[in-house]
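Asker: Structure provided below as structure tokens; questions to follow.
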Amino acid sequence: MRLYHSPMSIALACRLALTAADIGHEVVIVNSLSGETKQEPFLSINPLGEVPALDHDGAIVTQTVAILSFIADHGGQGWADPTPIERAKELSTMIVAAAEVQAAWKMINRPNRYAPSDTAAAEVGAQARIRLDAAYAELERRIALRDTGKALGILDYHAGVLALWKIMAPAGQGLSPTPHLDAVKDRLMNTPKLRQVIDEDIANYTAMVG
Ligand SMILES: N[C@@H](CCC(=O)N[C@@H](CS)C(=O)NCC(=O)O)C(=O)O
């Protein structure tokens, strides 16, 4: 398997899932900060110009939630509870993570894509931060309802990266507390092989931003 990835992007959740399931994979770095995601040859892989993308025997899968779901099915682990209703609930929370939390971050990080002028972009950024706080609150509410006695799974990898973003990105400062989400991140950091991947990603990201 080949994972197209940019350090500290949401694709890190897929790296963690692949690592946790001991699925052999190659990581191809596509620098989203320098715009490589929006250029060929990557646009031929994902015309939306976003990582992650997963190549499995020539079949390309994009979208974090779909890739994580595939990794859980392929690796035979990763669903906290494999019953259809529990899987649906986990998928629901991952869709909130992608459609609400990640989408708000995108508006904060790239407001000019959503506005015709710098003034309008500043307003978009300010509104997006309000939306981000509400999105994290909903993610936190859902994470708080989960049984923490279960093995780590794909929702933990997804939510854990969003917890890291909240701590590391300047725009994450001053948001409402999310203790259950932070505890997910701590569980990942306390798992040596996952911590190694996270530390490597942080180091690569730091080198990338200079
Ligand atoms: N809905 C997509 C969003 C992926 C996404 O936004 N990826 C970002 C990195 S976190 C990206 O590649 N951005 C590059 C760009 O927008 O230019 C998913 O969850 O996979």
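The values are calculated or read from the model by the stated rules, or taken from the named source; none is laboratory data. Just so it is clear, the model here is predicted, and its values are computed rather than measured. Note that we place each Cβ from the backbone using ideal geometry, even for glycine, and neighbour counts take in every protein chain shown. With ligands, DNA and RNA removed, areas are computed over all heavy atoms of the protein, side chains included. Shrake-Rupley method; radii C 1.70, N 1.55, O 1.52, S 1.80 Å.
Asker: Before rounding to the nearest 500, sum -39500 (n - 2.57) across all DSSP H runs of length at least 4 in the chain and divide by the residue total; then give [θ] at 222 nm in deg cm²/dmol. Intermediate values should be presented prior to the final figure.
Answerer: Details: 9 runs with 117 residues, N = 210.
Here the helix-only value at 222 nm equals -17500 deg cm²/dmol.
Asker: Which net charge results for the neighbourhood of GLY58, defined as the other residues with beta-carbon distances under 15 angstrom from its beta-carbon, given Lys and Arg at +1 and Asp and Glu at -1? Write out the running numbers ahead of the final one.
Answerer: Details: positive: ARG2; negative: GLU26, ASP55, ASP57.
With Lys, Arg at +1 and Asp, Glu at -1, the neighbours total -2.
Asker: Hey, got the dipole for the range 84-191? About the Cα centre, +1 on K and R Cβ, -1 on D and E Cβ, debye to the nearest 20? Numbers along the way, then the final one.
Answerer: Values: 14 positive and 12 negative charges, 32 e Å.
Dipole of the range 84-191, to the nearest 20 debye: 160 debye.
Asker: Now, a different point. Which net charge results for the neighbourhood of ALA80, defined as the other residues with beta-carbon distances under 13 angstrom from its beta-carbon, given Lys and Arg at +1 and Asp and Glu at -1?
Answerer: On the way: positive: ARG87, LYS89, ARG142, ARG146, LYS150, ARG187; negative: ASP81, GLU86, GLU90, ASP147, ASP156.
Summing Lys and Arg as +1 and Asp and Glu as -1 gives +1.
Asker: Once you have the Cα-Cα distance between ALA88 and TYR114, take 0.36 nm times their residue separation minus that, and quote the gain in nm to one decimal.
Answerer: Working: separation 26, 0.36 × 26 = 9.36 nm, distance 3.15 nm.
Using 0.36 nm per residue and subtracting the Cα-Cα distance, I get 6.2 nm.
Asker: ALA207 versus ALA144, label points 7 Å from Cα toward the beta carbon: distance in nm?
Answerer: So the two model labels end up 4.1 nm from each other.
Asker: Right, next: Two decimals is fine: what's Rg over Rh for the chain, C-alpha atoms, Kirkwood radius as Rh? Let's see the in-between values first.
Answerer: Values: Rg = 16.6 Å, Rh = 17.5 Å.
Taking Rh as the inverse mean 1/r over Cα pairs, Rg/Rh reads 0.95.
Asker: So which aspartates and glutamates pass the test for LYS150, namely a Cα distance under 19 Å, with those fewer than 8 places away in the same chain ruled out?
Answerer: ASP22, ASP73, ASP81, GLU86, GLU90, GLU140, ASP182, ASP186
Asker: Now for a different question. Reachable lysines from LYS166, Cα under 17 Å, same-chain residues fewer than 8 places away excluded?
Answerer: LYS106, LYS185
Asker: Okay, moving on. Could you provide, to the nearest whole Å², the per residue accessible area of the chain with probe 1.4 Å?
Answerer: Details: 10080 Å² over 210 residues.
That works out to 48 Å² for each residue.
Asker: If each residue of separation counts as 0.36 nm, what is the full-extension length gain between SER34 and MET189 once their alpha-carbon separation is subtracted?
Answerer: Values: separation 155, 0.36 × 155 = 55.80 nm, distance 2.80 nm.
Taking 0.36 nm per residue and subtracting the Cα distance, the gain is 53.0 nm.
Asker: Ignoring ligands, DNA and RNA, please state the percent of accessible area on the chain from carbon and sulfur, probe 1.4 Å. Spell out each step's value before the answer.
Answerer: Working: 5610 of 10080 Å².
It is 56 percent, rounded to a whole number.
Asker: Now for a different question. Where the centre of each part is set by its Cα atoms, how far does the range 142-210 sit from the range 60-100, in angstrom?
Answerer: Each part reduced to its Cα centre gives a spacing of 17 Å.
Asker: Given points 7 Å out from each Cα along the Cα-Cβ axis, report the ILE23 to SER176 separation in nanometres with one decimal.
Answerer: Spacing of the two 7 Å Cα→Cβ label points: 3.4 nm.
Asker: May I ask you to compute the full-extension gain from ASP57 to HIS74, defined as 0.36 nm times their residue separation minus their alpha-carbon distance, rounded to one decimal in nm? List each step's numbers first, then the result.
Answerer: On the way: separation 17, 0.36 × 17 = 6.12 nm, distance 1.30 nm.
The span from ASP57 to HIS74 would gain 4.8 nm if fully extended.
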